[in-house]
Amino acid sequence: MRAARLIKMVLLLQSRPSMTAAELARELEVSERTVTRDAQALSEAGVPVYADRGRAGGYRLIGGYRTRLTGLARTEAEALFLSGVPGALREMGLEDAASAARLKVSAALLPSLRDASRTASQRFHLDAPSWFKEPKTPELLPTVADAVWDDRRIVARYRKGHTEVERGLEPYGLVLKAGVWYLCARVPDAGAPSGPGTRPGPGVFRTYRIDRFTGVDTGDDRFTRDEEFDLPAHWDEQAERFARSILRAEVVVRLSAEGVRRLPYVVDPVSARDALSAVADAPDEHGRVTVALRVESEEVAHTQLTALGAEVEVLAPEGLRERFAEDARRLAGLYEAL
């Protein structure tokens, strides 16, 4: 613990011209007396820590005691600080490691680039969760994250419907989507032949919501990672496959030009893209086009398409068309006195 604190103290002094005992105590979360003892210990170990006495005094390093990342341009240094996602790192239990890494980089940068962290944070902020939702960090996320970093096999217990399932997993990667954490893992025995004398198959990759895990056991058993595995590509493929899997119904609608523009914002983007790309006929005399749209259900379609108002006309199925006709009559009744 003390060794780590001494290293952090050196890095703090490398990143700034001078720091008072109070400033160091606040950064290191110790007393000023401890700062004094640590500074003396560093000096005795050969680190040139110098103490300026007086009201404006403080601690500083002398003799150019620092290493520098001289090959970084300003835009490169700023991009480096943008690579951290503070909220996600904190939830995975990596906040201290990330803070130490940023501090090391700041200390090693040329003096003209040391404001890169501040200028980057002033210009970019990632707010991952969706609107109107209070994100909750899964209790088991740090445990899973540790296994991901170390390529260690886990045995996970998770809720599947009304039952609990236990499965051995090789955790490959974590994805944070709209405030929800997912684990992309290989299931070694999935799809493997069974019976005497058979050997385990290569397994298949599956995706799990970590907030549905009820328990995770880890050990020292490590797996050999498939270096060809591409986490972003895997996630994109799985996300699109999931979106298509829930689109089990079809509606036929006639859209105005404005309706075409707004359609991807009110229905699933995959469904909107497929529907609009399949349009073969030119717009009619009113500038409207007819499309067949995949939806989850008529109920969901009613809720989503209502947002388009008069920019959409439902043609089929008949039951959904009647619901919109009834909506129109009710709206007309509300406003007929105007």
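The values are calculated or read from the model by the stated rules, or taken from the named source; none is laboratory data. Only a predicted model underlies this, so the values are computations on that prediction, with no experimental measurement involved. Every residue, glycine as well, gets a Cβ built from its backbone with ideal geometry; the counts of neighbours run over all protein chains shown. Protein only, heavy atoms only, side chains kept; ligands, DNA and RNA dropped before computing areas. Shrake-Rupley method; radii C 1.70, N 1.55, O 1.52, S 1.80 Å.
Things to note:
- Whole-percent carbon and sulfur share, accessible surface of region 249-338, 1.4 Å: 54
- Ranked by the mean number of other Cβ atoms within 10 Å per residue, highest first, peptides 178-187, 276-285 order as 178-187, 276-285.
- Computed over region 267-338, Kirkwood Rh from alpha-carbon pairs, angstrom: 13.7
- The solvent-accessible area of Arg288, taken with every protein chain present and a 1.4 Å probe, is close to 60 Å².
- Distance between modelled label sites at Arg2 and Arg225, nm, 7 Å Cα→Cβ extension: 3.7
- Taking 0.36 nm per residue of separation and subtracting the Cα-Cα distance, full extension of the segment from His162 to Ala280 would add 37.9 nm.
- Accessible surface ranking for Asp226, Asp221, 1.4 angstrom probe, highest first: Asp221, Asp226.
- Region 275-334, accessible area per residue, ligands and nucleic acids excluded (1.4 Å, Å²): 61
- Net length available on complete extension from Arg33 to Ala243 is 69.6 nm, with 0.36 nm assigned per residue and the Cα-Cα distance removed.
- Kirkwood-based Rg to Rh ratio, region 186-338, C-alpha trace: 1.19
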